[in-house]
């Protein structure tokens, strides 16, 4: 088999397939559930209609897509891994091969930073999300030869402004989860997505100077409704905020042999996660919970 040929460095496509997710037009539905790992994707996919048989595709970058129908409605489940960067690839590359409005729900795992809400095993729904980023320049202060004269180092971590989830989707998600699991198993609040799992979530690692001992307290002081940490929601909501309704002519390739342009609808997004870690008590989920 010949290797794929990519013609456009700005947005690489080969035979209509995107560079990382690897899907093409017709293989991704307008309604998408995204998760971190393929095992979770398969669990969710077990609820899809058996006929027609769901389509599965794993890209060379290990993005895993299952597209089928739920009660006759087309839906895709996409496992993307972890982090802001893969979220960006997933959204942009699915958006490029889906015509019309796209609705994305993320189901993930998270760590709660609230002592009274978000206990291990509960489901938390995000009202909105902020981004926590490590300020790499700050750490040059510990190696004087790397610091330019009078360089402003700032704080070790930067907290963004919040960006909301789609309010209708978030309320619907909370309502349906509460109906199935019971209202006592579901809570709602502000989420922080972080660029790193360890330092930017306030985890202590004796091998490195991360200057993060007060990070969780500082974050909760700035955002009193802060409920949980994870690593994807902020960018998902931010990209929904930045999505535009317009007609694109390229870099999409023709999917029907007639036209290379199609309408790009708005992106709407919401997210929920199961609490795996309780940071206040330092507890972690156990098998069977």
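When you go through 197, 237 one by one, which is the residue that is at pLDDT 95 or above, under 22 Å from residue 272 (Cα atoms) and part of a helix (DSSP H, G or I)?
Residue meeting the stated conditions: 237.
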Checked against (1) free of Cβ contacts under 8 Å to residues at least 24 places away in the same chain; (2) touching a helix residue (DSSP H, G or I) at 6+ places or on another chain (Cβ under 6 Å), residue 87 satisfies every condition except (1)
Any residue that is under 22 Å from residue 173 (Cα atoms) and part of a loop (DSSP other than H, G, I, E, B) - is there at least one of those in the range 55-63?
no
With (1) surrounded by fewer than 20 Cβ atoms within 10 Å (Cβ to Cβ); (2) at pLDDT 95 or above; (3) outside any strand (DSSP E or B) as the list, and residue 87 as the residue in question, which single condition is left unmet?
(1)
Anything in the range 17-73 that is surrounded by fewer than 19 Cβ atoms within 10 Å (Cβ to Cβ), touching a strand residue (DSSP E or B) at 6+ places or on another chain (Cβ under 6 Å), farther than 19 Å from residue 272 by Cβ and touching a residue at least 60 places away in the same chain (Cβ under 8 Å)? List them, or say none.
30
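The values are calculated or read from the model by the stated rules, or taken from the named source; none is laboratory data. All values derive from a computational prediction rather than experimental measurement. All Cβ positions, even for glycine, are placed from backbone atoms using ideal geometry, and neighbour counts span all protein chains on display.
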